[in-house]
Amino acid sequence: MNRRNMLIGLIALPVAGCTNAYSNLPVANAAATDHYTLGPGDSVKIAVYGFDMMAGSYLVSDAGTISLPMLSTVEVAGKSAPELEASLAALLRAKDLAPNANVSVQVDKYRPFYILGEVQKPGQYDYVPGMTLLTAVSIAGGYTFRANKQMAAVNRQRGKAKLDPDSPVLPGDTITIPEAWF
């Protein structure tokens, strides 16, 4: 009986080794890319018709704000570019600066993403719209020979999740490529 239990234990050991700390994470939901929301580290390009002094690129601060001439500090974190356009136009109207304000907002530069673990060059990289896990790994020089190429973990503002190679990557994501067990 003792030999039988030992044999079962030896067979079960490799199966237990197939799981890792990321196996129990939920799968990351695909994010809508047309509703990108601004956050710290993003840079926005703003133009207001008739107000050349407001035209320029503005970096979103750690507090999620930008400072604009004549409007002071404006909360932008969590807003999309069209929402920020409407908000700035409303502020200009409320201060009687422009009754028919025409505001344009474009994301000039996205906040970076981070990748660590089993890639050739872990680090911080510029985000490119439409990125997937596979393109993020490619930017980081590809997988190492020890990498698990089937899944990765991602840390987002909403929590941790699993990514497969075709999962979308978002600005601000921290991706961890785990080691494959065999």
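Structure notes:
- Rounded D (µm²/s) - region 32-103, Kirkwood Rh over Cα pairs, Stokes-Einstein at 10 °C, 1.306 mPa s: 128 µm²/s
- Sites listed here are trypsin sites (Lys or Arg not before Pro) in region 105-182 whose DSSP assignment is loop and whose Cβ has at most 16 other Cβ atoms within 10 Å: R146, K149, R158.
- Computed over region 37-99, relative contact order equals 29 percent, with contacts defined as Cα pairs under 8 Å that lie 6+ residues apart.
- Per the Debye calculation on region 66-181 with a single equal scatterer at every Cα and no solvent contribution, log₁₀ I(q)/I(0) for q = 0.11, 0.15, 0.21 Å⁻¹ amounts to -0.50, -0.70, -1.04.
- Taking amide hydrogens as placed 1.01 Å from N in the peptide plane, the amide H of V76 sits under 5 Å from those of T65, I66, each at least 5 positions away in sequence or on another chain.
- Taking amide H positions as modeled 1.01 Å from N, with prolines and chain starts lacking one, the residues under 5 Å from V169 and 5 or more places away or on another chain are M131, T132, L133.
- With all protein chains in place and ligands, DNA and RNA left out, the 1.4 Å accessible area ranks D42, D62, D126 as D62, D126, D42, largest first.
- Label-point separation in nm, K45 to L59, each point 7 Å along Cα→Cβ: 1.8 nm
- Annotation: Cα Rg of region 63-107 relative to the compact-globule expectation 2.2 N^0.38 Å equals 1.09.
The values are calculated or read from the model by the stated rules, or taken from the named source; none is laboratory data. Owing to the predicted nature of the structure, the values given are computational and were not obtained by experimental measurement. FYI the Cβ positions are ideal-geometry reconstructions off the backbone, even for glycines, and counts take in every protein chain you see. Calculation scope for accessible area: heavy atoms of the full protein, side chains included, ligands and nucleic acids excluded. Shrake-Rupley method; radii C 1.70, N 1.55, O 1.52, S 1.80 Å.
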